[in-house]
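S.K.: Attaching a single structure in C-alpha cells format; questions to follow.
The values are calculated or read from the model by the stated rules, or taken from the named source; none is laboratory data. Here the structure is a predicted model, which is why all the values come from computation and not from measurement. Cβ sites come from the backbone with ideal geometry, for glycine too, and all protein chains shown count toward neighbours. What goes into the accessible areas is simple: the full protein's heavy atoms, side chains included, and nothing from ligands, DNA or RNA. Shrake-Rupley method; radii C 1.70, N 1.55, O 1.52, S 1.80 Å.
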Amino acid sequence: MLENTQKVNNIAALQNVGIILLAIKKAMTRPDYLPGLVVVHGPSGYGKTMASSYAAANLKAYFVSAKAIWTRKTMLQAILDEMGIPAKRTTAEMFDQVCEELSCSGKPLIIDEFDYCVDCKGLMALTRDIYDNSEAPIILIGEEMLPSKLAREERFHNRILDWIAAAPANMEDAVKLRMLYCDKVKIGDDLLEKVWKISEGRVRRIVVNLNKIQDTILAEGKNIVDLASWGKRELIKGEAPAIRRLS
C-alpha cells in the first residue's frame, strides 16, 4: 500500500500533471461569458497522456484518447463508454446522450491525441457541437503543431479559452520517474543526469532508458549502477540504429 501511495504521489508531482490540472480547473471555474475549450500542446513523449490520465482521475473528468480510425459515431461511442452509459442506436441519439451527461454532471471532458480529430473535419465539428450544446469544459491534448492547426478553423478557434504548453521533463521529474520505474536497481544520480540530458525532456524516453538500464544490470546479477560502471554502453536517443555493413 505504501509503495502504491508513493507511486501516485510521484505521478502527482510531475510538472505536467500540475499544468494539466491547472488547465482543467481554469476551464471549470471560468465565468459563464467565457468559452470553455482549453488546448494543451507539446512534443510527443512529454508525458501529456500520463499527466492527463492522472488529472482526469483526480478531478473525476471523462477521458478518451482519439484514434485515427474514429468516425463521429465511434467517437461518441467511446465517450459514452467512458461515461458508463449504454449507447442508443443512432448517432443523433448518442450525441444527445453525451451532451446531456456533460451538462448535468458538470464534469470536464478530456480528449487526448486530438490531432487525429483535426485531420477529420467531421470530428472537429462534432467536438464544437458537443461544447456548444453542453457548455462543458473540454480539454484538448495534442502535439506541438496543434495550435497552428486549430488557428485555421475560426469557428473552433474563437471558442478556446487558453493555450497551455506542456513542459519538457526537468531533472526533478527524472528523479521522480526513477522512483516510479526503478524499484529493483539503484541508479546513480550521475547516470540519471545523463539519461535526462539525452532524453531531451521526453518523459517516455527517460522511462525507456531507465527500463533498459534496470534490465541490463539485473541480467548481470547486480542491483547498483552509476555512470562509471555503466561505461560506454549505449542509451536510447530516439535515433534509428546505424545500418551494419557486411564485410
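S.K.: Please state, to two decimals, what the Cα-based radius of gyration of segment 119-239 comes to when divided by 2.2 N^0.38 Å (N = residues).
M.R.: 1.52
S.K.: Within segment 118-150, whose backbone N sits under 13 Å from a point 7 Å along Cα→Cβ of Thr90?
M.R.: none
S.K.: May I ask you to give the average projected area over all directions of the convex hull of the Cα atoms of segment 74-180, in nm² rounded to one decimal?
M.R.: Approximately 8.4 nm², given one-decimal rounding.
S.K.: Past the 25 Å Cα-Cα mark, which pairs from Lys176/Lys212; Lys107/Lys176; Lys48/Lys88; Lys67/Lys121?
M.R.: Lys107/Lys176; Lys48/Lys88
S.K.: Just want the answer: with Cβ charges of +1 for Lys and Arg and -1 for Asp and Glu, which residue in Tyr181, Phe95, Ser53 is farthest toward the dipole's positive end in the chain?
M.R.: Tyr181
S.K.: Oh, and also: Using a basic spin-label model with each label point 7 Å from the Cα along Cα→Cβ, how many nm lie between Ala13 and Ala228?
M.R.: Between Ala13 and Ala228, the label points sit 2.8 nm apart.
S.K.: If you don't mind, there's one more thing I want to ask. When the chain is fully extended, how far beyond the present Cα-Cα distance does Lys237 get from Glu154, taking 0.36 nm per residue of separation?
M.R.: 26.0 nm
S.K.: If you roll a 1.4 Å probe over segment 134-247 with all protein chains in place, what percent of the accessible area is carbon or sulfur?
M.R.: Carbon and sulfur together cover 51 percent of it.
S.K.: Among (i) 34, 20, 18; (ii) 39, 20, 17; (iii) 29, 23, 16, find the value of semi-axes √(5λ) of the Cα gyration tensor in Å that was calculated from the structure presented, and write down its label.
M.R.: Given (i) 34, 20, 18; (ii) 39, 20, 17; (iii) 29, 23, 16, the calculated one carries the label (ii).
S.K.: Can you give me the accessible area per residue for segment 20-140, using a 1.4 Å probe, in Å²?
M.R.: Value returned for segment 20-140: 45 Å² of accessible area per residue.
S.K.: Follow-up question, since we're still on this one. Starting from the 7 Å offset along Cα-to-Cβ, what nm value, one decimal, do you get for the label separation of Asp81 and Arg204?
M.R.: 2.0
S.K.: About the Cα centre of the chain, how large is the charge dipole given +1 on each Lys and Arg Cβ and -1 on each Asp and Glu Cβ? Please answer in debye to the nearest 20.
M.R.: Using only the charged Cβ atoms, the result is roughly 660 debye.
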